[in-house]
Amino acid sequence: MIRDEFYWLSQMNKATIIANSAGGLLKPQLAHVAAKALKEVIDSGKDPANRVKRVIDFEPKLIAAAGTSEVTEIHVGRSSQDMHSTFRVAIMRDEVLSVAKGLESVIDALLELARNHQDTVMPSYTNGVAAQPTSFAHYLLGFIEGFKRDRVRLTQFFSRLNYCPMGSCVLNGTGWPLNRKLMAKLLGFHAPIRNAFDATQIAMVDLPVEFAQIQASIALHIGSMIADIMVQYAQPRPWILLSEGNGNTYVSSAMPQKRNPGLLISCRGNASDVVSEANLVITRAHNVPSGMIDGKSVKVHAALAQESVKTMERFVKILKALVVNKERALEELSLDWTASQEIADRLMSEYGLPFRVGHHVASGMVSFARANGILPLTFPYKEMQRIYAETVQKEMPGFATECPMSEEEFKASLDPREILKRRSTEGSANPEEVSRMLAELTSEMAILKEQTTMLAAAVDQSMADLDSQFEPFLQEVETK
């Protein structure tokens, strides 16, 4: 079932026949005529050429099927303004659920990857420079938190979106005693939009913008992680790559050694398209008077949602195709001095040396090591003792210059795994904290996924109930 403009115009007409009949605005015989004509128009919509998208195109078909213009009595108190606003909201409601499901697939894939890499240590970066050791799982959990915020925003947005414009007519309501609450219920909405002017002129502009901003945020997170992975492709020995084949990579036409990350590149392009199309939604809505149609395009908003889903599907494929070399990731850490802060931390926490002085000790070690081509795990303990003594003598005259840290402790402070074990704050890369966060996020996502299922089921059930309540109007009316 295609839930496009034609579908929703049909459902609105069904709901109108039901609600107006219940309110005494439509006589039984005319309700029957309208219902039969409507069914004929709906059946004709099996041909895509007949699936019109505007009230002014739908109504002539209804008149022709009924054989009388009296059928337009179902249009009392209605306008293309509130009807088009209603199908815009209804279509966007389905798009929100589609994007939510796509995002849940992304988070599921990230959670699975994190579970499998709780013991994989890697360098983390600030300003593009290796900064500290972390675990791959902790890194992934950081992205999951960002994606989860996007997912929560979708639920919050759905609750603001799911209000029905029907009955607001053009701008200021109608003199006909329409039952807006019943209409909203029949169409699967929480309630009518409260203000008639808002319903057709304000909400129809700011709601698409909010949805666009959420989708842009999703794309920004995807683009950021892809950029991190792409950095590795510039190295001769990356620790993370895409598995070859299956459309993930392709061989250069000229250089046989190259395995270009085609899937990463195409997904990055999709994410960029999402950000661009989100800006298009904002630009079309910007700086135009209320009442203009610029920011209300179903086509533009649908294209963005479709691109978002496509981007997430490709990103899930990336996550499932990642090949992580744990030993190479550890080696990458050992090629730089990401453990140097740990030395300063331990000198202060265990031996009372001010952090800034300890920082200068560690910095002096790094400068000496880089000047002499020494890696962290092979740094001579005697050189550490010398640098400690010289730094303390210069910056803290009178303080003992003998290094209090044993050689064993010094070596442990340079071991990335030991560093992570010593992390004690909530949310840190400590293995126990990572395990706890994994469990919590898994539970939280189960709740969010259940919400999506329930929201989608509620809309589907409302449509099934509407169709069921409409059926009796197709039966001949007994005349007395």
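Quick notes on this one:
- Condition check for R314: charged (D, E, K, R) and out of contact with any helix residue (DSSP H, G or I) (no Cβ under 9 Å at 6 or more places or on another chain): no
- Screening the candidates D460, D467 for the property of being surrounded by fewer than 18 Cβ atoms within 10 Å (Cβ to Cβ), in a helix (DSSP H, G or I), touching a residue at least 24 places away in the same chain (Cβ under 8 Å) and among the acidic types (D, E) yields one hit, D467.
- Candidates are the residues of the stretch 437-457 that are under 14 Å from F158 (Cα atoms), touching a residue at least 40 places away in the same chain (Cβ under 8 Å) and of a type in the set (A, V, I, L, M); the one that is surrounded by the most Cβ atoms within 10 Å (Cβ to Cβ) is L455.
- Every listed requirement among (1) small (G, A, S); (2) free of Cβ contacts under 8 Å to residues at least 40 places away in the same chain; (3) part of a helix (DSSP H, G or I) is met by G245 save one, (3).
- Some residue of the stretch 375-391 being among the polar types (S, T, N, Q), free of Cβ contacts under 8 Å to residues at least 24 places away in the same chain, in contact with a Cys (Cβ under 9 Å, 6 or more places away or on another chain) and more than 27 Å from V121 (Cα to Cα): yes
- Residues in the stretch 225-274 that are of a type in the set (A, V, I, L, M, F, W, C), modelled with pLDDT of 90 or more and farther than 23 Å from R328 by Cβ: 3 in all.
- Flag if V55 is surrounded by 16 or more Cβ atoms within 10 Å (Cβ to Cβ), under 30 Å from Q306 (Cα atoms), within 15 Å of the chain's Cα centre (by Cα) and not small (G, A, S): no
- Looking across the stretch 127-149, the residues that are within 16 Å of S428 (Cβ to Cβ) and either outside the structural domain of E444 (by TED's automatic domain parsing) or assigned to a strand (DSSP E or B) (or both) come down to A131, Q132, P133, T134, S135.
- Selection within the stretch 42-77 - within 18 Å of S21 (Cα to Cα) and in contact with an Asp or Glu (Cβ under 8 Å, 6 or more places away or on another chain): T72, H75
- When I202 is tested against the conditions (1) of a type in the set (V, I, T); (2) surrounded by fewer than 17 Cβ atoms within 10 Å (Cβ to Cβ); (3) more than 27 Å from H286 (Cα to Cα), the lone failure is (3).
- Of the numbered criteria (1) under 26 Å from L187 (Cα atoms); (2) assigned by TED's automatic domain parsing to the domain that holds F136, the one M445 fails is (1).
- Some residue of the stretch 300-312 being closer than 25 Å to A234 by Cα, modelled with pLDDT of 95 or more and in the same structural domain as P236 (by TED's automatic domain parsing): yes
- I18 vs. criteria in contact (Cβ under 8 Å) with a residue 40 or more places away in the chain, among the aliphatic types (A, V, I, L, M) and touching a helix residue (DSSP H, G or I) at 6+ places or on another chain (Cβ under 7 Å): yes
The values are calculated or read from the model by the stated rules, or taken from the named source; none is laboratory data. In this text, all values refer to a predicted model and were calculated from it rather than measured experimentally. With ideal geometry, Cβ positions are generated from the backbone for all residues, glycine too; neighbour counts draw on all protein chains shown.
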